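Encoded as structure tokens, the structure appears first; notes follow it.
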Amino acid sequence: MANYTGPSCRECRREGCKLFLKGERCLSTKCSFDHRSAAPGQHGAARKKVGEYGMQLREKQKVRRYYGVLENQFKNYYEMAERKAGMTGENLLILLERRLDNVVYRMGLAESRKEARQLVLHAHFTLNGKKVNIPSLLVKPGDVITVKEKSRESAKFKALAEEMASVNKPKWMDANNEQLTARIVAMPERSDIDFEINEQLIVELYSK
């Protein structure tokens, strides 16, 4: 399945909630979802009865779009989560939180995960001193993510440095706003994810 290249707000409307795919715009009065929240399509505004499978599918799609991963990637993360000890649903969300593009977003260096993914692909960061350009790379405790010295001199990152200082970082991350670095001090926990997700529905979907 290819990357979705259509309007981001259409995805929010399809899932019936804000996925914060446009960063600050989603919190402003310009957010399209606030003015037109019905599902896209000719019959989007019509009331539809949603069955058990439909609820499970929508929850999976909501989480997949929230983190910006493809269908096969999401399925692979689920299989990884299933093999780990503990609750599969929580393991899945923790794996998604550990993605490098999500870490860059959590650092406050991008307005959205989509922008964070672009920054990683353009090799603006190092991981433990080595250049990386893989958004799906999973970080672990002890890893240090840093903006490359050359990139720090750009006007974009100088502006991002100011924004980074005002962003609330998760407790599993120790960020240095001046140096544009972040050290992963612990694994993310389920309680660190403030987006409303019912991961049990996803487990039920894949358990069929």
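The values are calculated or read from the model by the stated rules, or taken from the named source; none is laboratory data. Here the structure is a predicted model, which means the values were calculated and not measured. So basically every Cβ, Gly included, is an ideal-geometry build from the backbone, and we count neighbours across all protein chains shown.
Under the condition of being over 30 Å from SER154 (Cα atoms) and modelled with pLDDT of 90 or more, which residue from region 174-195 is surrounded by the most Cβ atoms within 10 Å (Cβ to Cβ)? I'd like the intermediate steps shown before the answer.
Here is the first cut: in region 174-195, the residues over 30 Å from SER154 (Cα atoms) are 186-195.
Still in the list and also modelled with pLDDT of 90 or more: 186-193.
Working: ALA186: 14, MET187: 13, PRO188: 23, GLU189: 14, ARG190: 15, SER191: 8, ASP192: 16, ILE193: 18.
Only one residue tops the list, namely PRO188.
Within region 37-92, restricting attention to residues that are among the charged types (D, E, K, R) and closer than 18 Å to GLU196 by Cβ, which residue is modelled with the highest pLDDT? Spell out the reasoning first.
First, pick out the residues of region 37-92 that are among the charged types (D, E, K, R): 47-49, 52, 58-60, 62, 64-65, 71, 75, 79, 82-84, 90.
Now restrict to residues that are closer than 18 Å to GLU196 by Cβ: 58-60, 62, 64-65, 90.
Values: ARG58: 89, GLU59: 93, LYS60: 94, LYS62: 91, ARG64: 93, ARG65: 89, GLU90: 97.
Here the residue is GLU90.
Within region 185-208, work out how many residues are in contact with a Lys or Arg (Cβ under 8 Å, 6 or more places away or on another chain), within 25 Å of VAL144 (Cα to Cα) and outside any loop (DSSP other than H, G, I, E, B).
Here the count works out to 1.
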